[in-house]
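Have a look at the structure below, then the notes.
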Amino acid sequence: MSLPPGAVTPPVALPLAADAQRWASGDAAPPAGQALPAWIGLGANLGDRGEALRQALQRLHACAGVAVQAVSSLYASRPVDSTGPDYLNAVAELRTSLSAQQLLHVLQQLELAAGRERPYRNAPRTLDLDVLLYANMDTLIAMPDLQVPHPRMWQRAFVLAPLQELAPTWVSDAQLAPLLVQGVQRSQEPSWWR
């Protein structure tokens with residue numbers, strides 16, 4: 001069966017709870033021919049923020065082993081635990097045949113290509129890409145350079161508001177409400193990145 005150009009091959013479903021431990025090492029990739037869901041956070045507060053996020057998604061979608069499945073609306077937010085200009089943020093759902101560690105490496109290469117510098121923790125950035133979740137909500141990865149779920153995602157409105165769009169059963173209004181004081185506002189609809 002051939003798919004129309006631009007169509008994404010549907011992933012082979014894996015039993016979620018049984019496979020959660022399989023991915024816990026962070027360096028285990030799905031079996032050949034299978035893809036897993038992953039959710040990434042995107043943010044930028046320097047330069048042309050929207051263009052940086054758009055290019056990152058387009059480049060990510062062009063990477064071997066990665067397909068962008070859905071993208072949230074774009075959100076504007078004030079910096080949290082930081083200073084500098086306001087951020088633009090989004091969350092994207094992917095399907096990937098890469099391990100979580102390989103996916104992180106791809107994201108870091110995209111950050112470098114966009115001029116990302118890390119002079120200090122929470123410094124303003126041209127592009128910030130984070131692995132939020134890998135495979136499912138039950139997957140826990142604890143590596144020196146990768147923790148899944150992302151350790152601060154449940155404290156950040158700029159992550160939870162866009163994630164709620166893509167996975168509404170995972171983020172309740174009650175979880176999000178106390179974080180809205182962080183000043184997150186929807187700025188563009190999900191089609192912004194095309």
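The values are calculated or read from the model by the stated rules, or taken from the named source; none is laboratory data. Owing to the predicted nature of the structure, the values given are computational and were not obtained by experimental measurement. Here Cβ is always computed from backbone atoms with ideal geometry, including for glycine, and neighbour counts include all displayed protein chains. The protein model used for the area step is the full one, side chains on, heavy atoms only, and it has no ligands, DNA or RNA in it. Shrake-Rupley method; radii C 1.70, N 1.55, O 1.52, S 1.80 Å.
Below, the figures for the structure above:
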quantity	calculated
Sequence of H105, H61, H150 when ordered by accessible area, the most exposed leading, probe 1.4 angstrom	H105, H61, H150
Coil-residue GluC sites (Glu not before Pro) of the stretch 59-150, DSSP, other Cβ within 10 Å capped at 16	E117
Accessible area expressed per residue, the stretch 53-124, with surrounding protein chains retained (probe 1.4 Å, Å²)	44 Å²
Nearest-10 value in Å² for the accessible area of T169, using the 1.4 Å probe	130 Å²
Accessible area, probe 1.4 Å, largest first, for residues L74, L112	L112, L74
Solvent-accessible area, 1.4 Å probe, carbon plus sulfur percent, for the stretch 149-189	54 percent
